[in-house]
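The values are calculated or read from the model by the stated rules, or taken from the named source; none is laboratory data. Since we're looking at a predicted model, the values are computed, not measured. Cβ placement follows ideal geometry from the backbone for every residue including glycine, while neighbour counts extend to all protein chains displayed.
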Amino acid sequence: MKIFNTMTRKKDEFIPLNEKKASIYVCGSTVYDFIHIGNARPMVVFDTLRRYLTYRGYEVTYVQNFTDIDDKMIRRANESGITVKELGDRFINEFYTDAKGLGILPATVNPRATEHIDEIIAIVKDLEDKGHAYNVDGDVYFDTESFPGYGRLCGQNLEDLNLGARIDVNSVKKNPMDFALWKSKKEGEPYWQSPWGEGRPGWHIECSAMSMKYLGNTFDIHAGGLDLIFPHHENEIAQSECCTGEKFARYWMHNGYIQVNGEKMSKSLGNFVTVRQVSEKYDLEVLRMFILQVQYRNPINYTDDAILGTKNALDRLYNAKIMLEQLVDSKKDDTAELSAQWKATIDQYRDTFNEKMDDDLNTADAISTIFDLVKEINTGINGNSSAADAKYALDMLVELCGVLGLLSKRETGSLDEEVEELIAQRQAARKSKNWAEADRIRDLLKDMGIVIEDTREGIRWKRVN
Ligand SMILES: [Zn+2]
């Protein structure tokens, strides 16, 4: 598989440290509010990367952190009259609700910054001992000049970065780019004991502490949104590599932005779309597919029309699945063998799908491949097809969609008894030419999300939501 590595600025062949194991660290969100669709994108994209690597035989360790201490957390907790810990607990719970809806597999571990203060302090102390950090009255800063590689990820050198920085005349920092590893206690803020007095960690250091704790000093993939390249990831590299003397992450992956109606999501425009808002209208599987319909490095424009379009597209996938299931179901006694030619035709879609995914996780083209498969199914499978052929196509559809985390939510398979009974009553009404009653039952079913079609092969139904 090739991965676009922000560090090398090209697609690199993915060769993990340990032959069949892959380690991934994804920067998580700050848990002070509900997540919005911009937060959902890295969750969905890198969950899909994890699923794909697992599908290709890797054993994946997947870590995504929660930032549960920073200025926003403190401000919001104070406004709400609760502790930072209570605020974090609440929105971590809400995060899990949204993550489940989006079909995100549980991470190997979701570490919280506040539960890793000892590890953070150990790194800061080590950096100070090695001359990479300096203490000014209880605030400890990283000395960017002490790390020659600073600026490599974002492709700028330290001198230019320093020139471009806003000069704060009151700053006690040696260089404008130096950043806080540890902050001394301020009134009304949570604090921990440290060698520099009472205080709390800066933001960047938590990801170094938690990634190295769970994945080792050197690990395979570090991922997050584009906005994290600088300074967050640049700083993570500096502090981690100065501490261990070893390479930190080997591949850097960054997803693009999500806009809403062509504009950046921002407080001033008031156009934040939360995942919870989307879930009021659609199953979040729709949002998952919406995100995956664009290759992860490209921008996405979220509009009402676009998400509705995705909902309809997802319905087509479900309908193909249901059609095949019903066909297989109705031919339980069919013993015909799978056609070798049909198998070869269907297998090609897996090859193409993998080819697309191997090309820097091109889920957009992978989804197009699935729709080509559906087209093939719709022309190649009909009432005369064998159960074996239908089953083979069904399994392929479910397999490929499963890699993307799709087609696993709505119940398809069998209908519940109540619905079956209603369909039988409608059939009886039609037989006795009681059209009004037949229509009444059809409308009733429709209200229950079941649409009935009368075909030459008999009754077909599909679910609509
Ligand atoms: Zn991070």
- prompt: Given the conditions (1) at pLDDT 95 or above; (2) hydroxyl-bearing (Ser, Thr, Tyr); (3) touching a helix residue (DSSP H, G or I) at 6+ places or on another chain (Cβ under 8 Å), and given that Tyr58 satisfies all but one, which numbered condition is not satisfied?
  reply: (3)
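Could you check how many residues of the range 149-188 are among the β-branched types (Val, Ile, Thr) and at pLDDT 90 or above?
Looking only at that region, the number is 1.
Can we say Asn162 is surrounded by fewer than 22 Cβ atoms within 10 Å (Cβ to Cβ), over 27 Å from the mean Cα position of the chain (by Cα) and within 22 Å of Trp192 (Cβ to Cβ)?
No; evaluated as a whole, the condition is false for this residue.
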task: Check Tyr25 against each of (1) in contact with a His (Cβ under 6 Å, 6 or more places away or on another chain); (2) away from the ligand (no atom under 16 Å from the Cβ); (3) of a type in the set (Phe, Trp, Tyr) and name the one condition it does not meet.
output: (2)
query: Can you list the helices (runs of 4 or more DSSP H) found entirely within the range 226-317 that contain at least 1 residues being within 16 Å of the ligand (Cβ to nearest atom) and under 30 Å from Gln156 (Cα atoms)?
result: 234-244
- request: Consider Asp89 carefully, then state whether it is free of Cβ contacts under 8 Å to residues at least 40 places away in the same chain and either under 18 Å from His233 (Cα atoms) or within 16 Å of the ligand (Cβ to nearest atom) (or both).
  value: no
- prompt: Is it the case that some residue within the range 120-130 is β-branched (Val, Ile, Thr) and within 21 Å of Val275 (Cβ to Cβ)?
  reply: no
query: From Val140, Val172, which residue is outside any helix (DSSP H, G or I) and without any contact (Cβ under 8 Å) to a residue 40 or more places away in the chain?
result: Val172
query: Tell me, which residue of the range 312-348 that is free of Cβ contacts under 8 Å to residues at least 60 places away in the same chain and within 24 Å of the chain's Cα centre (by Cα) is surrounded by the fewest Cβ atoms within 10 Å (Cβ to Cβ)?
result: Asn312
